[in-house]
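Written out below as structure tokens is the structure these notes cover.
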Amino acid sequence: MDKIEAAGIDPVRRLLIGTAAAGVTAASLGLIGSARAATPAAAQSPATRRATHASFGPLKQVRAGVLDIGYAQAGPADGPPVILLHGWPYDIHSYVDVAPLLAAKGYRVIVPHLRGYGTTRFLSPDTLRNGQPAALAQDVIALMDALRIDKAIVAGYDWGARSADIVAALWPERVKSLVAVSGYLISSQQAAQAPLAPEAELQWWYQFYFATDRGRAGYDKNRHDFARLIWKLASPKWNFDDATFDRSAVAFENADHVDIVIHNYRWRLGLAEGEARYDALEARLAQLPSINVPTITMEGDANGAPHPPPEAYAKRFTGPYQHRLISGGIGHNLPQEDPHAFAQAVIDSDRL
């Protein structure tokens, strides 16, 4: 999950779980195409909004930057590109139902495994297994370059939303529009040094666990059960079955997975060094840059992960902007829990 910092907002207010997500809810979260009857998504029960597809087709691989990236692709090769970014501890199957909905509308949908997940591998054994935010965002740009994509709609949640935010903030010329669950997730090591109220710190128990050697060993040994626990805490009303979880858990067997996860959380606390090549990018991110591309932010009404109210970050989006609150017991993994609402947000962001 992704820790959130927002300048000028009281940390207890922005991080307590269960904070009511206020803001402007978009009209018409209707279904897409003919997949189901034309009933607004907000009016459907969660059960009717969730998984209908078991898997993607065969994955593709492409060398991009320091990685050989594994990714799923759907839709016409000449369609408007959409890049969908997953979070921790999840994988590309968060979008297994979103992708065909967008493909049916003519989009070229690309869903990459992040570094440390699935079939994505480092090209060199000597490259630092770096999980810092600028590195993850740079991977998106490298992927676009490798696939010869000039400009794309970029969408994500959790780590993926942070990467999407960073790409939109630092490379706006590469982003047609943005969809970000939980809004503005750009932060810095310095901001992460500020202590929070005890109740808020409690929600980050795993971050402090990961700061220890025991925590690293524990995550390595128990990554399957650890991820399942996070899924339950972050989406308390999502009744996923064993098959759904096990399908994603395979991605955590990547040889670099533990290194990337541990480095990510230790870097945030200033307990691990990053790479000098990203220093200039991190310095820009520490200034909390505005995002001026057309943007839709989203929140589930049952998100069990720390998240700020939308009014805390709305001012960071200076271009065309909407916020959507998705009801019906939707938790942290919004695209998998309500794929129709997420896909509709991507389509609508393209029209802002």
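Note on the chain: helix-only mean residue ellipticity at 222 nm, from DSSP H runs of 4+ residues weighted -39500 (n - 2.57) and normalised by residue number, equals -9000 deg cm²/dmol. Shape call for region 80-185 from the C-alpha gyration tensor, a ≥ b ≥ c root eigenvalues: rounded (a/c under 1.5), prolate (a/b greater than b/c) or oblate? Verdict is rounded for region 80-185. Classify the chain: rounded, prolate or oblate, from the alpha-carbon gyration tensor (a ≥ b ≥ c, eigenvalue square roots; a/c under 1.5 rounded; otherwise prolate if a/b is larger than b/c)? Judged from the Cα gyration tensor, the chain comes out rounded (a/c under 1.5).
Sequentially through region 256-263, phi angles give Karplus couplings (6.51, -1.76, 1.60; θ = phi - 60°) of 9, 4, 4, 4, 5, 5, 5, 5 Hz, Gly and Pro residues having no value and appearing as x. Compute the Cα gyration tensor for region 240-338, then decide on rounded, prolate or oblate, letting a ≥ b ≥ c be the square roots of its eigenvalues: rounded whenever a/c is under 1.5, prolate when a/b is larger than b/c in the other cases, and oblate in all that remain. It is oblate, given that a/c is not under 1.5 and a/b is not larger than b/c.
Highest mean packing first, where packing is the average number of other Cβ atoms within 10 Å per residue, the peptides 199-207, 65-73, 93-101, 333-341 line up as 333-341, 93-101, 65-73, 199-207. Straight-line reach only, C-alpha to C-alpha below 17 angstrom: list the aspartates and glutamates that LYS105 could link to, leaving out same-chain residues fewer than 8 apart. Cross-link targets: ASP78, ASP97, ASP348, ASP350. Over all other residues within a Cβ to Cβ distance under 14 Å of TYR117, the charged ones net out to -2, with Lys and Arg as +1 and Asp and Glu as -1.
Proximity of backbone amide H atoms, modeled 1.01 Å from N, is registered between GLY300 and ILE326 at under 5 Å, excluding neighbours fewer than 5 places apart on the same chain.
Each peptide in 106-119, 310-323 gets a packing score, the mean of other Cβ atoms within 10 Å over its residues, and the list from highest to lowest is 106-119, 310-323. Label reach from HIS53 (point 7 Å along Cα→C-beta): in region 89-120, amide nitrogens under 16 Å belong to 91-113. Working from label points 7 Å from Cα in the Cα-to-Cβ sense, the ALA243 to LEU123 distance is 3.9 nm. Beyond a 31 Å Cα-Cα separation, which of these cross-linked pairs lie in this structure: LYS176/LYS315; LYS60/LYS151; LYS151/LYS315; LYS60/LYS237? In this structure, LYS60/LYS237 exceed 31 Å between Cα atoms. Straight-distance candidates among the lysines for linking to LYS221, with alpha-carbon spacing under 20 Å and chain neighbours fewer than 8 residues away dropped: LYS232. When both region 299-336 and region 111-133 are represented by their alpha-carbon centers, they are found 28 Å apart.
Readers should treat all values here as calculations from the given coordinates under stated rules, not as data from a laboratory. Being a predicted model, the structure only gives us computed values, none of them experimental. Cβ sites come from the backbone with ideal geometry, for glycine too, and all protein chains shown count toward neighbours.
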